[in-house]
Amino acid sequence: INATEASHDVLDGAFTQIGQQFDDLAARNFIQPDQKLATDLQAAWRRFEGSTNPQTRPKVVERLIADIYGSGNGKRMTGEWYKSTRSELGRLSKSQNPELAEAARDLQFALDDAMERTMKVTNPADAGAWKAVRGQYKNLLVIEDAATRAGAQSADGIITPQALRSAAIRQN
């Protein structure tokens, strides 16, 4: 997106554009579950379990992990299944519950990594495009973080260098 400010509409447009690129690539590919996906899901669960109280822990993360394991079960996960699951994770990653949002992002990255690993083997041309779109998405998360900081400039869609630096550090 080429824009002079990081307004809400501009950011929404960027997320829509990148989301469409993800959808297009996913539609013509699939995930072949592997041990790395299982390891990544287990790590996401351990982080989530360790940071949440069992009595108040949102059950959706456990359900999603079970769905991912169940959908995989050694079989290919279709691009359509991926798109649907990733959309749900995207909504959850915007949660006001920071532990839930982090868990959703962990699961997103685990699925994205699995898709990329599969594409490298089955569709190398799409693997390069996938990697590029993932990079754009990660950069957009930094811009969104910087643009949504408190302050008058942020309200006008202006990103200060300090806000950008801080967001880049938070997004690693």
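Summary table below
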| read-out | value |
| --- | --- |
| Pairwise FRET efficiency - Ala129 versus Ser95, Cβ, R0 = 30 Å, nearest 0.05 | 0.55 |
| Size-normalised alpha-carbon gyration radius of the chain, reference 2.2 N^0.38 Å | 1.09 |
| Mean Cα-pair separation over length for region 1-155, i.e. relative contact order, pairs under 8 Å, 6 or more apart, % | 34 |
| Shape call, region 54-138: gyration tensor on alpha carbons, a/c limit 1.5 | oblate |
| Per-residue HN-Hα couplings for region 137-148 [Karplus 6.51, -1.76, 1.60; θ = phi - 60°; Hz; x = Gly/Pro] | 5, 4, 5, 5, 4, 5, 5, 4, 4, 5, 6, 9 |
| Region 113-159: C-alpha gyration tensor shape, a/c 1.5 cut-off, then a/b vs b/c | prolate |
| Surface share of carbon and sulfur [accessible, 1.4 angstrom probe, percent] for the chain | 52 |
| Extension gain (nm, one decimal) between Arg117 and Ala27, 0.36 nm per residue minus Cα-Cα | 30.8 nm |
| Distant-in-sequence amide H partners of Ile158 (H built 1.01 Å from N, under 5 Å) | Ala6 |
| Tensor-based shape of region 1-65 (alpha-carbon gyration tensor, a/c under 1.5 rounded, otherwise prolate or oblate) | oblate |
| Lys/Arg +1, Asp/Glu -1 at C-beta; the chain dipole; positive extreme among Ala152, Ala26, Thr52 | Thr52 |
| Net dipole in debye of the chain [+1 Lys, Arg Cβ; -1 Asp, Glu Cβ; about Cα centre; nearest 20] | 460 |
| Contour excess over end-to-end distance, with Cα ends at Arg149 and Gln20 and 0.36 nm allotted per residue | 43.8 nm |
| R0 of 35 Å, Cβ-Cβ distance Lys36-Ser7: FRET efficiency to nearest 0.05 | 0.35 |
| Entries in Lys75/Lys138; Lys36/Lys94; Lys36/Lys59; Lys36/Lys131; Lys94/Lys138 that, when Cα-Cα distance is taken, lie over 21 Å | Lys75/Lys138; Lys36/Lys94; Lys36/Lys59 |
| Most to least packed among 162-169, 99-106 [average Cβ atoms within 10 Å] | 99-106, 162-169 |
| Solvent-accessible area per residue, Å², over region 7-70 with all protein chains present [probe radius 1.4 Å] | 56 |
| Local net charge near Val60, Cβ-Cβ under 12 Å (Lys/Arg +1, Asp/Glu -1) | 0 |
| Rounded Å value of the spacing that divides the Cα centres of region 85-144 and region 1-53 | 2 |
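The values are calculated or read from the model by the stated rules, or taken from the named source; none is laboratory data. Bear in mind the structure is a predicted one, so any value in this text is a computation, not a measurement. Here Cβ is always computed from backbone atoms with ideal geometry, including for glycine, and neighbour counts include all displayed protein chains. Remember, those area values only see protein heavy atoms, side chains included, never the ligands or the DNA or RNA. Shrake-Rupley method; radii C 1.70, N 1.55, O 1.52, S 1.80 Å.
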